[in-house]
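Following: one structure in structure tokens, then a few remarks.
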Amino acid sequence: IGARGKHFHYFEKEDIGYYNVPTPFTEIFAKSTFEQGQLLDVLVSINLNPQYNFTIAHKGYKSLGKYLNNRSRGNQFRFISNFKSKNQLSSWRFHFVSQNIFNQENGGLDPDSIYFFEQATNYFVLNADGTQIENEDGSFKMIEYDGYLDRSRLGPQLFSRGSLYSKRFFSDFERILLKNKKEKTNTLAINYQFTHEYKKVEFIDEMNNKTFGDVLDFINDDQKVSDLNRFIEQENRLILSSESKIGGVKLSFSLTNWKNNFKIYDNQVADNTFFELNENQSNLSFDWIKMFKKYTFELNFNKSSKDSFKSDFISLNIKGNPIKNVNFQISSSIIEKSPNFNFKFYRSAYESYNWFNDNLYNEKISNINLKLSYKELFVVTADYNKIDNYTFFRENTNALTGETDTKRLAVVNQEDNKINYYSLKLFSKVDFGKFSFINTARYQKKEQEVTLGDLSTLNVPEWVTRNTIMYSADVFNKSLFIQTGITFNYFTKYYADYYNPLISEFVTQNYKQIGEFPRFDFFFNAKIQQTRVFIKVEHLNSSFTGYDYYSDPFSPYRDMSVRLGLVWNFFS
């Protein structure tokens with residue numbers, strides 16, 4: 001569907017776990033949020049008998065941010081069922097997930113508020129004509145004022161709201177047709193999987209703000225912008241699998257149908273404009289995995305029957321430990337995939353956000369990855385990716401005239417030139433008695449031919465580092481485990497993408513760089529049996545290292561905040 005900005009903590013099919021517990025199990029996770037609200041995730045898993053388990057879980061949260069129109073809330077309910085017959089020949093997994101993710105969308109700070117955020121707590125004194133007053137020593141006269149440290153005084157770009165609502169049914173029935181009783185492996189098994197998922201993405205702006213450009217003629221003062229996108233995906237998949245001396249083999253065939261439609265406003269004249277897409281695709285997949293004494297080989301292949309919304313790939317993964325405590329993994333893949341629905345098709349009450357792109361090429365990605373580790377002492381990971389037809393959203397305003405400060409006009413763009421991306425990551429963990437030093441550093445580089453007037457894309461910071469020093473110990477006759485330390489985070493400057501709340505996507509810009517600000521976090525953990533409590537002071541240096549910290553070009557990163565939390569696992 002796209003709307004990737006709304007899917008960071010969305011429960012996909014692969015995120016659902018299936019349980020089998022001898023006694024009822026409960027897990028509670030609670031964490032404080034910012035100004036108001038809390039986060040609570042509760043899971044209860046029960047086996048009615050050795051063959052059947054059901055699990056109920058609910059994650060709810062509400063958080064009021066420090067800035068205006070910056071509130072989030074969500075409810076994510078999961079029901080999970082897991083059954084296996086007494087003869088171990090039949091099994092059935094099922095889950096139902098209902099998710100509602102809501103955000104007040106402020107679009108970041110307006111230009112004046114960005115100035116007051118960055119200059120806190122000193123501001124230039126201006127003449128009546130708006131020019132700065134110069135002191136005798138040549139410096140400019142300033143005044144100390146910390147009133148804007150109250151972030152609720154800073155004005156947002158928007159007063160709008162957006163949401164993602166979803167329901168998903170998933171069923172997986174397996175029947176073992178032939179079984180090797182001696183080796184207790186499946187000689188032949190068949191699976192039937194069914195998925196039905198409904199999503200609704202909504203954006204409402206009751207003020208009809210001009211940030212996204214002009215609204216269409218049919219929107220008058222009595223009618224407000226309330227864009228609505230409905231998406232339905234239905235998949236039927238048949239799988240044949242076998243385990244033998246040649247390894248585990250899985251052959252599958254799937255049929256997928258998509259329906260993507262947009263709201264038609266009252267008094268809207270459709271003309272030749274359409275508001276619905278119906279697409280379908282079939283895929284043939286082959287997976288093979290073979291484990292030897294010291295090595296494991298894995299091959300994955302998928303082929304789509306049509307070019308539209310295809311997802312072809314082939315990948316090979318080899319891992320092993322030829323020497324004691326030394327592990328390696330090398331993998332490579334070739335991928336060809338279609339851009340998501342948001343790139344292809346979009347309708348909105350805003351004039352600039354209506355498109356149908358039937359001429360987009362498929363993205364092609366070739367990559368190779370190498371990972372080498374020695375215990376936890378060090379882990380080295382190297383990546384190389386070659387990308388063709390990279391598809392992205394591009395900022396379409398003019399920064400030279402100041403239009404970028406007040407407008408957010410995103411357009412679909414596809415890069416003609418190839419992009420080469422390199423990455424080298426080093427992780428190490430060194431223990432000295434009860435002290436531990438954990439360090440992660442990543443160097444990454446992108447190569448792209450950019451001509452005059454073109455936009456640099458796939459922008460990433462050249463260096464990213466995360467360093468932790470911590471102390472761990474058992475106290476009170478080992479009845480209490482404590483852990484405390486400080487984490488340092490840093491990344492170099494780069495042209496970061498910004499979040500566009502209308503399309504719920506990230507947009508590439510070459511207007512403003514962010515980065516090169518340090519962040520220190522303090523943490524403390526205490527664990528008694530199956531209960532853990534923790535305290536985290538995030539960005540504790542925010543008040544004395546400068547107000548230049550951003551999470552995107554228009555949205556500041558959080559000030560210092562204290563988070564409290566609890567994790568409690570218990571059996572009955």
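General remarks:
- Formal net charge of residues neighbouring residue 404 (Cβ-Cβ distance under 11 Å; K, R +1; D, E -1): 0
- Accessible-area order (highest first, 1.4 angstrom probe) of the listed residues 12, 105: 12, 105
- Rolling a 1.4 Å probe across all protein chains gives residue 93 an accessible area of roughly 80 Å².
- Cα-derived Rg to Rh of the stretch 265-370, Kirkwood definition: 1.23
- Quick note on the stretch 386-531: its Rg to Rh ratio, both from C-alpha atoms and Rh being the Kirkwood radius, is 1.15.
- The stretch 228-273 versus the stretch 31-93: alpha-carbon centroid distance in Å: 25
- Note: relative contact order over the chain, using C-alpha pairs below 8 Å and six or more positions apart, is 10 percent.
- Legend: residue pairs 319/425; 407/446; 59/527; 290/319, Cα-Cα distance threshold 21 Å; pairs beyond threshold, 407/446; 59/527.
- Nonlocal amide H pairs with residue 208, under 5 Å, H built at 1.01 Å: 225
- Averaging the sequence gap over all C-alpha pairs within less than 8 Å and six or more residues apart, then dividing by the number of residues, gives the stretch 171-285 a relative contact order of 23 percent.
- 13 Å beta-carbon shell around residue 358, net charge (K/R +1, D/E -1): -1
- Pairs of Cα atoms nearer than 8 Å and 6+ residues apart set the relative contact order; for the stretch 302-374 it is 32 percent.
- Computed Rg/Rh of the stretch 334-452, alpha carbon atoms with Kirkwood Rh: 1.15
- Per residue value of the accessible surface for the chain (all protein chains in place, 1.4 Å probe), Å²: 53
- Under Karplus coefficients 6.51, -1.76 and 1.60, residue-wise ³J(HN,Hα) of the stretch 374-381 in Hz, glycine/proline x: 10, 6, 9, 5, 7, 9, 10, 10
- Amide H contacts under 5 Å for residue 516, placed H, 5+ residues apart: 491, 492, 493
- Size descriptor, Kirkwood hydrodynamic radius, that averages inverse alpha-carbon separations across the chain, Å: 27.6
- Panel note: the C-alpha atoms of the stretch 146-255, placed on their principal axes, show extents of 75, 45, 20 Å (largest first).
- In plain terms, the bigger the Kirkwood radius, the slower the diffusion; for the stretch 492-572, with that radius from Cα pairs, at 10 °C and 1.306 mPa s, Stokes-Einstein puts D at 103 µm²/s.
- Overall, the accessible surface of the stretch 1-107 at a probe of 1.4 angstrom is composed of carbon and sulfur to the extent of 55 percent.
- With the whole protein complex present, residue 275 retains an accessible surface near 20 Å², based on a 1.4 Å probe.
- Charge tally around residue 439: other residues with Cβ under 10 Å, Lys/Arg +1 each, Asp/Glu -1 each, net +2.
- Length gained on full extension, residue 207 to residue 86: 37.4 nm, using 0.36 nm per residue less the C-alpha separation.
- Between 248, 275, 209, the Cα set farthest toward the positive side of the dipole of the stretch 196-282 (charges on each charged residue's Cβ, about the Cα centre) is that of 248.
- Note, ³J(HN,Hα) from phi for the stretch 209-218, Karplus 6.51, -1.76, 1.60, rounded to Hz, x at Gly and Pro: 4, 8, 4, 9, x, 7, 7, 5, 4, 6
- Surface listing: 288, 463, 92, 258 arranged by accessible area from highest to lowest gives 463, 92, 288, 258, probe 1.4 Å.
- Which of 199, 371, 434 is most accessible, then next, and so on - probe 1.4 Å: 434, 371, 199
- For a label point 7 Å along the Cα-to-beta-carbon line of residue 566, residues of the stretch 502-545 with backbone N under 11 Å: 532-534
- Listed residues 76, 128, 108: farthest to the positive end of the dipole of the stretch 70-150 (Cβ charges): 76
- Per-residue surface analysis assigns residue 9 an accessible area of about 80 Å², computed on protein heavy atoms at 1.4 Å probe radius.
- Computed from backbone phi with θ = phi - 60° and the Karplus coefficients 6.51, -1.76 and 1.60, the 3J(HN,Hα) list for the stretch 534-543 is 8, 10, 9, 9, 8, 6, 5, 9, 4, 8 Hz; x is used for glycine and proline.
- Subset of 263/306; 245/429; 245/445; 6/293 violating a 32 Å alpha-carbon distance limit: 245/429; 245/445; 6/293
The values are calculated or read from the model by the stated rules, or taken from the named source; none is laboratory data. These numbers come from a predicted model, not from an experiment. Neighbour counts are summed over all protein chains in view; Cβ atoms, including those assigned to glycine, are modelled from backbone coordinates with ideal geometry. Only protein heavy atoms, including side chains, enter the accessible area calculation; ligands, DNA and RNA are left aside. Shrake-Rupley method; radii C 1.70, N 1.55, O 1.52, S 1.80 Å.
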